[in-house]
Amino acid sequence: MPRRKHPETLAIRTQAERSRFNEHSVPLYLTSSFVFEDAETMRAMFADEIEGNIYSRFSNPNTTEFIDKICLLEEAEAGVAFASGMAAVFATFAALLKTGDHIVCCSSVFGSTHTILEKQLLRWGITHTYVDIHKTDEWEKAIIPDTKMIFVETPSNPALDIIDLDWLGKFAKKHNCILVVDNCFATPILQQPLKYGAALSIHSATKYIDGQGRVMGGIVVGQKELMIDIKAFLRQTGAAMSPFNAWVLSKSMETLGLRMERHSENALKVAEFLEKQSDVESVKYPFLPSHPKYAVAKKQMKAGGGMVAFIINGGLERGKKFMDGVEMASLTGNLGDTRTIVSHPASTTHAKLTEQERLASGILPGLIRISVGIEHIDDIIEDLEQAFKKSK
Ligand SMILES: *Cc1c(COP(=O)(O)O)cnc(C)c1O
């Protein structure tokens, strides 16, 4: 067998079949449907007897190319692309669970995922238990006979908690649960949860995969058997990724490896800078030796990624003052962009949670999240330095 190419190469060299024009760069297939040679081919394709494109809600050459790339990088059997990360998260729950089922979820989880569990799934009789990832005995206690799924984020948004995937993969297997990992912060370049026994890996492609703050997208990859139900759910309910977004995301994949290298290099320098500041209570970054799960992060991630979280002295007011003090960094809700972004979860993404829920998710009033961009590191540090001075 030929040697498997490196992920950076696969992300560049995997592409849709060339058309009769022999284009070098894959064109955009803006078409809602596809034509058939004859009635029999059309019948067979609708009956799933032969593979092919029928209608862009089901599949399209651009979305297929994007899915193929992520599957290769995650070493997954199959995948399904969605209009957004949340559409992918919701479809995973809705396609695989039914009334009476139970989910075990880590307490530090993306705000909208938290809201789906509380506001949507409970209405349909799908219950959940949150567990603190640092307390292994709590995991055992959380499992009940109806537990069908374990859902985690690692690193988590925004607290940057790390879960030992090797341990969790074995735990999920022992309890016969579907392990789902939201792999958004690490990207398929830095971490492959399926290797540790996760059944599914989910991404908000809106973040690092696009990487330039342009389009929305989501993807689930993993076991073929589960993907059949997820794909059928998408086909009927319609939250499909648009071919245009898939085309943009597929091109973005070509630079993902390079971008993650620089994001990680810059973020480590920002984290080290923050640790030296007297106004900073604590810093969280997977590849900082002070991270409580540093050894685990080093074991399961290729680099620390671009996200850094820190607690500024002085709580909510000081946090907002710091946000107002930055000049170059953007104040925006996105992350994973080439541009450095600062955000204050307690007053924005997690404002809908109760104070108690926020604290359980590790979101203190002074928590500031930095999505470290790929600008020159000296300019990023200088911006943060002057923001600290101004916020005093
Ligand atoms: C942003 C994000 C999502 C949701 O993705 P969208 O593309 O915004 O719908 C899910 N999980 C994590 C960890 C995220 O950061």
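The values are calculated or read from the model by the stated rules, or taken from the named source; none is laboratory data. This is a predicted model, so every value here is computed, not measured. Here the Cβ is made from the backbone with ideal geometry for all residues, glycine too, and neighbour counts use every protein chain on show. Remember, those area values only see protein heavy atoms, side chains included, never the ligands or the DNA or RNA. Shrake-Rupley method; radii C 1.70, N 1.55, O 1.52, S 1.80 Å.
Worth a mention:
- The Cβ shell under 13 Å around V283 holds other residues with a net charge of 0, Lys and Arg each +1, Asp and Glu each -1.
- Rounded, prolate or oblate (a/c below 1.5 giving rounded, otherwise prolate when a/b exceeds b/c) for region 333-377 by Cα gyration tensor: prolate
- When region 257-391 is reduced to its Cα atoms, the Kirkwood hydrodynamic radius in Å: 15.0
- Potential lengthening between E272 and E75 on full extension [0.36 nm per residue; Cα-Cα distance subtracted]: 67.6 nm
- Residues in region 67-83 reached by a label modelled at A232 [backbone nitrogen below 20 Å; 7 Å Cα→Cβ]: 77-82
- Between the beta carbons of S282 and T127, assuming R0 = 30 Å, the FRET efficiency works out to 0.35 to the nearest 0.05.
- Rounded D (µm²/s) - the chain, Kirkwood Rh over Cα pairs, Stokes-Einstein at 20 °C, 1.002 mPa s: 98
- A cut-off of 5 Å between modelled amide H atoms, ignoring neighbours fewer than 5 places along the same chain, links T206 with G85, G217.
- Net +/- balance of residues flanking D229 in space, Cβ distance below 12 Å, scoring K and R +1, D and E -1: +3
- Ordering of 39-50, 286-297 by burial proxy (mean other Cβ atoms within 10 Å per residue, highest first): 286-297, 39-50
- Here K141 and K170 are evaluated by their C-beta separation; at R0 = 22 Å the FRET efficiency comes out at 0.80.
- In the structure shown, the pairs K170/K195; K195/K299; K69/K293; K148/K174 are assessed against 18 Å; a Cα-Cα span above that value is assigned to K69/K293.
- Percent accessible area from carbon and sulfur atoms, region 257-391, protein chains only, probe 1.4 Å: 53
- Normalised contact order of the chain, rounded percent, pairs of Cα under 8 Å and 6 or more residues apart: 17
- Residues in the chain average 45 Å² of solvent-accessible surface per residue, probe 1.4 Å, ligands and nucleic acids excluded.
- Cα gyration tensor shape for region 164-304, rounded if a/c is under 1.5, else prolate or oblate: oblate
- When the Gaussian network model of the chain links Cα atoms closer than 10 Å, the mean-square fluctuations of G306, G222, G325 top out at G325.
- The portion of the accessible surface of region 7-255 made up by carbon and sulfur, rounded to a whole percent, is 54 (1.4 Å probe; DNA, RNA and ligands excluded).
- Pair H24, Y55: separation of 7 Å Cα→Cβ label points (nm): 3.8
- At an R0 of 35 angstrom, the distance between the Cβ atoms of D48 and T338 translates into a FRET efficiency of 0.30.
- Top of G111, G333, G305 by mean-square fluctuation, Gaussian network on the chain, Cα under 10 Å: G333
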